[in-house]
Structure formats: structure tokens, C-alpha cells
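Just so it is clear, none of the values below were taken in a lab; they were calculated from the coordinates. Not measured: the values here are computed from a predicted model. For neighbour counting, all protein chains shown are included, and Cβ atoms are generated from backbone atoms with ideal geometry for every residue, glycine included.
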Amino acid sequence: MAPSVWDMDVFNKAYRAALDVHRLTLDFPKHEQFELASQLRRSSKSICANLAEGRARQQGSSAEFRRYVLMALGSADETLLWCRFARDLGYVEPGAHDQLQQRFGEIARMLNGLAAKLR
């Protein structure tokens, strides 16, 4: 296991994707800043937060870390849902949406693999 969460590929991919989501949602309409934009930012950042907290708690148990990895996976799936809402409401262009879907889909697959290793 990586000595730090910052050494984990999945964490770094999720961190960069969350930054991009944050930047993207800054252009959402004002009435969506406290609704859809906020939900999208929170769910994408939650992936990183769960990995960081779980990695810190792993010192005691890999089962505890696995629990946080699964929560991060849930946040990745939630992010995919909010991305689809953003596309369907016309706030995100189809091409940008497809890139987000691909990136968060890859993150979800990586989290699934990590969770399987921690069984």
C-alpha cells in the first residue's frame, strides 16, 4: 500500500477530476450554484475526502479502509449522475460530459479494484 494517499494513482486522478469539475461548475447559471453545481462539486470532492480519511484510518485495519473506498465509489457514481443532469439541462456540452463520464468511470473501476484487493 502507498505510504501516503498522495501516492495513490486513484486519489490523484480523482483530485484532478474534482478540480476540473469545480472549475466547470463555476460557469453554471447563478440559480444552480447552490443546487446542481454544489452537489456536483461535493460528490466529486467526496471521493478524495473518503480516500484520504480511509487511508489515514487504515493504520488500524484494511477493512476500515475498504469501507471508505466503498464510500468513495458511491461518490463517484453520484458524480456520474450529477454530470448527466448537468448535460441534460444544457450546462455541460456533450463532449465535456463524455470526458467526465470516462474519467469518473475509470476512477470507479480503480476503486472497485482497490476494494477487491482489501477483502
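Structure values in brief
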read-out: Estimated 222 nm signal from helices in the chain, with DSSP H stretches of n ≥ 4 weighted -39500 (n - 2.57), rounded to 500; value: -26500 deg cm²/dmol
read-out: Inter-label distance for D98 and F34, nm, one decimal - labels placed 7 Å from Cα along Cα-to-Cβ; value: 3.7
read-out: 0 to 90° range, to nearest 10: angle between helix 36-57 axis and the chain longest Cα axis; value: 10
read-out: Matching label, Cα extents along the principal axes in Å computed from the structure shown, candidates (1) 45, 23, 19; (2) 35, 30, 27; (3) 47, 41, 30; value: (1)
read-out: Cα-projected label distance for D7 with D77, points at 7 Å along beta-carbon direction, nm; value: 3.1
read-out: Crossing angle, helix 62-88 versus the chain [Cα axis fit, 0-90 degrees, rounded to tens]; value: 10
read-out: Net charge dipole size for region 70-119 [Lys, Arg +1 and Asp, Glu -1 on Cβ; Debye, nearest 20]; value: 300
read-out: Total formal charge among the other residues, if their Cβ is under 12 angstrom from that of P94, Lys/Arg +1 and Asp/Glu -1; value: -1
read-out: For region 63-99 and region 9-62, distance of Cα centres in Å; value: 9
read-out: Those GluC sites (Glu not before Pro) in region 1-89 that DSSP places in a loop and that have at most 14 other beta carbons within 10 Å; value: E35
read-out: Acute angle (nearest 10 degrees) that the helix 94-117 long axis makes with the longest principal axis of the chain, alpha-carbon atoms; value: 10
read-out: Given charges at beta-carbon only (K, R positive; D, E negative), |dipole| of the chain in Debye; value: 400
read-out: Charge dipole of region 34-119 about the Cα centre (unit charges at C-beta), most positive-ward option of G95, G105, Q58; value: Q58
